[in-house]
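Below is one structure; the comments refer to it alone.
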Amino acid sequence: QVQLVQSGGGLVQAGGSLRLSCAASGSIFSINAMGWYRQAPGKQRELVAAITSGASTNYADSVKGRFTISRDNAKNTVYLQMNSLKPEDTAVYYCNANLNPFAGGATNGYWGQGTQVTVSS
């Protein structure tokens, strides 16, 4: 069984920084893309940033230049460094991993439990 466990998040003033972590554990053969999504109240979940197994990245326009996604393949962990936070970044953040639980198996998507990020003005 695969689990994605998130840590980090919390309350910060505008202009501050936070770092999110997400560690995948369990039956994992390989991990392809990993990413971070967020969902604000009354809004759809949206992609914030993603990183491939080869470390290629892409970002939502709203966070470019402020957020940095990275991963440690040895630890099956993805990070999101968030700088210059704005009140509009307030949301529940979810990590996602597309991975193969075993050799020859299908690639499935897994989600972390979500963590609240609140940016006060």
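Are any of the residues in segment 17-27 touching a helix residue (DSSP H, G or I) at 6+ places or on another chain (Cβ under 8 Å), assigned to a strand (DSSP E or B) and open to solvent by less than 20 Å² (accessible area, probe 1.4 Å)? No; the residues of segment 17-27 include none that is touching a helix residue (DSSP H, G or I) at 6+ places or on another chain (Cβ under 8 Å), assigned to a strand (DSSP E or B) and open to solvent by less than 20 Å² (accessible area, probe 1.4 Å). Of everything in segment 93-117 that is polar (S, T, N, Q) and surrounded by 16 or more Cβ atoms within 10 Å (Cβ to Cβ), the residue that is farthest from residue 47 (Cα to Cα) is 100. The one condition from (1) touching a strand residue (DSSP E or B) at 6+ places or on another chain (Cβ under 7 Å); (2) closer than 30 Å to residue 106 by Cα that residue 44 does not meet is (1).
On inspection, residue 76 fails the criterion of being modelled with pLDDT of 95 or more and in contact with a Gly (Cβ under 9 Å, 6 or more places away or on another chain).
Segment 32-92 holds strands (runs of 3 or more DSSP E) entirely within its bounds, and those carrying 1 or more residues that are basic (Lys, Arg), in contact (Cβ under 8 Å) with a residue 24 or more places away in the chain and surrounded by 14 or more Cβ atoms within 10 Å (Cβ to Cβ) map to 67-72.
The values are calculated or read from the model by the stated rules, or taken from the named source; none is laboratory data. All values derive from a computational prediction rather than experimental measurement. Cβ coordinates were reconstructed from backbone atoms using ideal geometry, including for glycine residues, and neighbour counts include every protein chain displayed. Side chains are part of the model used for accessible areas, which takes the heavy atoms of the whole protein and leaves out ligands, DNA and RNA. Shrake-Rupley method; radii C 1.70, N 1.55, O 1.52, S 1.80 Å.
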